[in-house]
1. List every residue pair whose Cβ atoms sit under 8 Å apart, with the two residues 6 or more apart in sequence or on different chains, where the first one lies in the stretch 10-26 and is farther than 14 Å from Val48 by Cβ and hydroxyl-bearing (Ser, Thr, Tyr) and the second, anywhere, is in a strand (DSSP E or B) and modelled with pLDDT of 90 or more.
2. Condition first: within 19 Å of Glu9 (Cβ to Cβ) and under 11 Å from the mean Cα position of the chain (by Cα). Now tell me which residues in the stretch 46-79 satisfy that.
3. Could you tell me which residue of the stretch 6-30 is modelled with the highest pLDDT, considering only residues that are out of contact with any Lys or Arg (no Cβ under 8 Å at 6 or more places or on another chain), loosely packed, with under 12 Cβ neighbours inside 10 Å and closer than 18 Å to Ala82 by Cα?
4. Condition (residue is assigned to a loop (DSSP other than H, G, I, E, B), surrounded by 10 or more Cβ atoms within 10 Å (Cβ to Cβ) and at pLDDT below 90) applied to the stretch 106-121: is it met by at least one residue?
5. Please go through the stretch 41-78 and pick out each residue that is assigned to a strand (DSSP E or B) and surrounded by fewer than 18 Cβ atoms within 10 Å (Cβ to Cβ).
6. Taking the stretch 31-54 as the region of interest, how many residues are more than 16 Å from Glu81 (Cα to Cα) and free of Cβ contacts under 8 Å to residues at least 40 places away in the same chain?
7. Based on this model, can you work out whether Val48 counts as at pLDDT 90 or above and over 17 Å from Lys74 (Cα atoms)?
Amino acid sequence: MSEKQEKLEIGSIVDGKVVNIKPFGAIVVLPDNTQGLVHISHISSEFVQNISDYVAVGDVVRVKLVSIDPVTKKISLSMKEAARQETQSEAPPQTFERAKPQEPTNAFEDKVKEWIKISNERHAGLNKRNKRR
């Protein structure tokens, strides 16, 4: 490991500058001028389809150092974990109250019934078209 990478500790949170965007992630330059990758799955806690919707070249982003591969020296970073960790450290202490029992929901069953209904309607439409031919 180079001297520069030894200064960075796994688990530390630092600011870095986005220097390149690829379909699979964002390349970020860290304060010690090393580069790391924020994989697309570590950009946000939401589903990310297009990285450019979340970051742009030149943006300064907060990242957590996830790992450094000892063989390839590649640095893995996470914006998602940095945000989560900072949110947890800023959150006030939680008080726990006994949860009120909730009415059971049939949301899943309702969605399945709706899907079956739509599917049957489409199937009937296809059958009508096939009979006309």
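The values are calculated or read from the model by the stated rules, or taken from the named source; none is laboratory data. Here the structure is a predicted model, which is why all the values come from computation and not from measurement. Because the Cβ atoms are built from the backbone with ideal geometry, glycine has one as well, and the counts that use them run over all protein chains shown.
1. These pairs meet every condition: Ser12/Lys64; Ser12/Leu65.
2. Ser78, Met79
3. Ranking the candidates gives Ile10 first.
4. yes
5. Within the stretch 41-78, Val60, Arg62, Ser67 qualify.
6. So the answer is 8.
7. no
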